[in-house]
Amino acid sequence: MPELPKPLKAPRSRPRLIPRRARIRHRQPNPLGDYRCQVKEADRLFSKYVRLRDGRCRLCGETQGLQCAHLFSRRYRATRWDVRNAWALDARCHMKWTHDPLGWDDLLRQSLGGEYEVLKTMAQGRGQADMALLLPYLRGLLASVELSSST
């Protein structure tokens, strides 16, 4: 059986000078864009505050490679930026306790006492932070810690 020729493509009406992805598209501004930027800024300020406040790992005392470790997950917006909900941990301790959630829970119960139930109840609530109030609050906290650490 003879092979049929491939159909010819119709010529384009105009040459494509700019690739499709590079063309400027006029879109409506994303209403969540500002909020996401504010969340990133709040996370950055909060992390810096916690690391400066503690100055060393709360578990082993290491001073290098500190990270902000949330006692209850960051996904709980009601306690995400609560200063009682974070400790400075070095990377090794942070990784160790991240991979041992039952041990972490036991450690928190022993370390926090009654505060544990308060934070857990808050975390499971439906609270949401008001960014217009939160960002200036975090900036003030950070400034006070930087001021006290410089003197």
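Points to keep in mind about this one:
- The convex hull around the C-alpha trace of the range 38-151, projected and averaged over every direction, spans 7.4 square nanometres.
- Cα→Cβ-extended label distance, 7 Å offset, between S73 and Q128, nm: 1.9
- Backbone HN-Hα couplings from phi across the range 135-144 [Karplus 6.51/-1.76/1.60, Hz, Gly and Pro as x]: 4, x, 4, 5, 4, x, 4, 5, 5, 5
- Linear extension gain, D34 paired with M95, 0.36 nm per residue minus alpha-carbon span: 18.8 nm
- Once both labels are positioned 7 Å from their Cα atoms along Cα-to-Cβ, the gap between R84 and L112 label points is 0.9 nm.
Read-outs throughout are calculated quantities, based only on the coordinates presented, and are distinct from any laboratory measurement. Quick caveat, the model's predicted, so the values are computed rather than measured. Quick reminder, even Gly has a Cβ in these numbers, built from the backbone with ideal geometry, and neighbours come from all protein chains shown.
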